[in-house]
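Visitor: Let me begin by handing over the structure; questions about it come next.
The values are calculated or read from the model by the stated rules, or taken from the named source; none is laboratory data. Here the structure is a predicted model, which means the values were calculated and not measured. Because the Cβ atoms are built from the backbone with ideal geometry, glycine has one as well, and the counts that use them run over all protein chains shown.
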Amino acid sequence: MFDATQYSQISDRITGKLAEIPKHQESVQAEVLRLANEWYIPSWLAESIVYLGEKLWELANWAINLLNEVIEGLGAPVMFWETAYKWESARGIFTGVAAELNPASLGSTGDWKGAAATAYTTAITPQSAAAARLGASSDKVSGALQACAVSGLAFYAGVLLLVAQFVMSQIAAAAATATGVAAPVGLLASLSSGAFTLGAIVALVGTLSALLGVQASQLSTIHGEAEDGTAFPGGHWPVVAGA
Amino acid sequence: MSTPTGYQVTVDTLDDEAKTWQQESNALEQGQSTVAALAFNRIEAGVFQIVVDAHTQVSQVIAGRAGEGAAECERIAGLLRRTAAGYEQTEGAAAASFRLLQK
């Protein structure tokens, strides 16, 4: 299920965490440079500390770019969810028409007979069927959008955990600079855990893309049904011939 | 007036049915505008873009079908109203000539 309140919390926390990344990026950089210039750090060690600092800086840039792309779609799941509900009201309108255009209650033409009268009475069922088809299609569109909203929620819940982990790796990097000559070990650990976390975000994007691809092709199928010859001859609403 | 018989029943039935088709035409028109309003216009949805695009297309085609349906139901309503009017006219003319004969 999609929970709009939960979603908006997740969404707020992601943007909040994302805003922390550049701040930590700056402070890690400052700490790395401070440590590299300490009197007790030999120059060969300072070089590797500076090198790791550069890599951490680049990793944070990657994180910022990646997450900025990821949050482009942050508004979509809520929009899908709300739109899914509106499709249900469209479905109600179409199935209502299908029910009202009932061959059992319409088509009693009394004395009116002949080609035009026959054309009319035989037209009722296809008209009703066309409206019913629009109702069924609307319901399916609603279902596809709901599935996308739910996948979106799961995706961003996963992203939130990973963004939080990434920020933790930045905090760990800053803390590692306090360990003096042992700093490269901590910096390297932060670098690898940060890179691993970003890799996991990329993998999540891949999983979501696959799920969304399924729903997009479902929408194309529904599109095809709204042009299908059974309910819509020649891809259009049935027209009463000879009337 | 006594219970309507013959042509009057036909005229009344056709008028009633014309009303139904007109109502359903209005309903389909409402369906068309409801669906047309759901198409996401030019939004940036990042990874969700593929769904947004497919959805825009499907809503356009469903709104289009509903619009066609509204037009067709209205045409059927018109046909029924014209047929009913035709009956009334014919019967009216026949009654008039009958009265002339009775004079």
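Visitor: Given the condition outside any loop (DSSP other than H, G, I, E, B) and either more than 14 Å from chain B (Cβ to nearest Cβ) or buried (at least 16 other Cβ atoms within 10 Å of the Cβ) (or both), answer yes or no: does some residue in the range A:223-236 qualify? Before you say what the answer is, go through the steps one by one.
Guide: Going through the range A:223-236, the residues outside any loop (DSSP other than H, G, I, E, B) turn out to be A:223-225, A:233-235.
Narrowing the set further to residues that are either more than 14 Å from chain B (Cβ to nearest Cβ) or buried (at least 16 other Cβ atoms within 10 Å of the Cβ) (or both) leaves A:223, A:225.
Looking through the range A:223-236, at least one residue is outside any loop (DSSP other than H, G, I, E, B) and either more than 14 Å from chain B (Cβ to nearest Cβ) or buried (at least 16 other Cβ atoms within 10 Å of the Cβ) (or both).
Visitor: Against the conditions (1) more than 7 Å from every other protein chain (Cβ to nearest Cβ); (2) hydrophobic (A, V, I, L, M, F, W, C); (3) surrounded by fewer than 19 Cβ atoms within 10 Å (Cβ to Cβ), where does B:Ala63 fall short? Just the number, please.
Guide: The number of the failed condition is (3).
Visitor: Within the set of pairs 6+ apart or on separate chains, which have a first residue in the range B:36-52 that is more than 7 Å from chain A (Cβ to nearest Cβ), a second that is among the basic types (Lys, Arg) and in a helix (DSSP H, G or I), and C-beta atoms under 8 Å apart?
Guide: Close Cβ pairs (under 8 Å, with a partner that is among the basic types (Lys, Arg) and in a helix (DSSP H, G or I)) amount to B:Ala37/A:Lys86.
Visitor: Where residues in the range A:164-187 are small (Gly, Ala, Ser) and within 27 Å of the chain's Cα centre (by Cα), which of them is nearest to A:Ile10 (Cα to Cα)? First the steps, then the outcome.
Guide: Here is the first cut: in the range A:164-187, the ones small (Gly, Ala, Ser) are A:164, A:169, A:172-176, A:178, A:180, A:182-183, A:186.
Those left that are additionally within 27 Å of the chain's Cα centre (by Cα): A:164, A:169.
Numbers: A:Ala164: 12, A:Ser169: 20 Å.
Taking the candidates together, the pick is A:Ala164.
Visitor: B:Arg99: facing another protein chain (nearest Cβ under 8 Å), among the basic types (Lys, Arg), surrounded by fewer than 16 Cβ atoms within 10 Å (Cβ to Cβ) and more than 30 Å from A:Ile71 (Cβ to Cβ), yes or no?
Guide: Working: facing another protein chain (nearest Cβ under 8 Å): no; among the basic types (Lys, Arg): yes; surrounded by fewer than 16 Cβ atoms within 10 Å (Cβ to Cβ): yes; more than 30 Å from A:Ile71 (Cβ to Cβ): yes.
Criteria not met by B:Arg99.
Visitor: Give the number of residues within the range A:55-96 that are without any contact (Cβ under 8 Å) to a residue 60 or more places away in the chain, of a type in the set (Phe, Trp, Tyr) and in contact with a helix residue (DSSP H, G or I) (Cβ under 7 Å, 6 or more places away or on another chain).
Guide: Kept after step one, since they are without any contact (Cβ under 8 Å) to a residue 60 or more places away in the chain, are these residues of the range A:55-96: A:57-58, A:61, A:64-65, A:68-69, A:71-72, A:75, A:79, A:82, A:85-96.
Remaining after also requiring of a type in the set (Phe, Trp, Tyr): A:57, A:85, A:87, A:94.
If we keep only those that are in contact with a helix residue (DSSP H, G or I) (Cβ under 7 Å, 6 or more places away or on another chain) as well, we get A:57, A:87, A:94.
Number satisfying all stated conditions: 3.
Visitor: Looking at B:Leu38, B:Leu79, B:Leu14 in this structure, which one is buried (at least 16 other Cβ atoms within 10 Å of the Cβ) and not in a helix (DSSP H, G or I)?
Guide: B:Leu38
Visitor: Is it true that A:Gly158 is of a type outside the set (Phe, Trp, Tyr), crowded, with 17+ Cβ neighbours inside 10 Å and without any contact (Cβ under 8 Å) to a residue 60 or more places away in the chain?
Guide: Numbers: of a type outside the set (Phe, Trp, Tyr): yes; crowded, with 17+ Cβ neighbours inside 10 Å: yes; without any contact (Cβ under 8 Å) to a residue 60 or more places away in the chain: yes.
In short, yes.
Visitor: One residue is enough: does the range A:199-212 have a residue meeting the conditions more than 10 Å from every other protein chain (Cβ to nearest Cβ), under 19 Å from A:Met1 (Cα atoms), surrounded by fewer than 16 Cβ atoms within 10 Å (Cβ to Cβ) and free of Cβ contacts under 8 Å to residues at least 60 places away in the same chain?
Guide: Checking the range A:199-212: at least one residue is more than 10 Å from every other protein chain (Cβ to nearest Cβ), under 19 Å from A:Met1 (Cα atoms), surrounded by fewer than 16 Cβ atoms within 10 Å (Cβ to Cβ) and free of Cβ contacts under 8 Å to residues at least 60 places away in the same chain.
Visitor: From the residues in the range A:81-107 that are more than 7 Å from every other protein chain (Cβ to nearest Cβ) and in contact with a Gly (Cβ under 7 Å, 6 or more places away or on another chain), which one is surrounded by the fewest Cβ atoms within 10 Å (Cβ to Cβ)?
Guide: Top of the filtered list is A:Thr95.
Visitor: Do any residues in the range A:25-47 that are over 17 Å from A:Val185 (Cα atoms) have Cβ atoms under 6 Å from those of residues that are at pLDDT 95 or above, where the two are at least six apart or on different chains, and which pairs are they?
Guide: A:Gln25/A:Ala60; A:Ser27/A:Ala174
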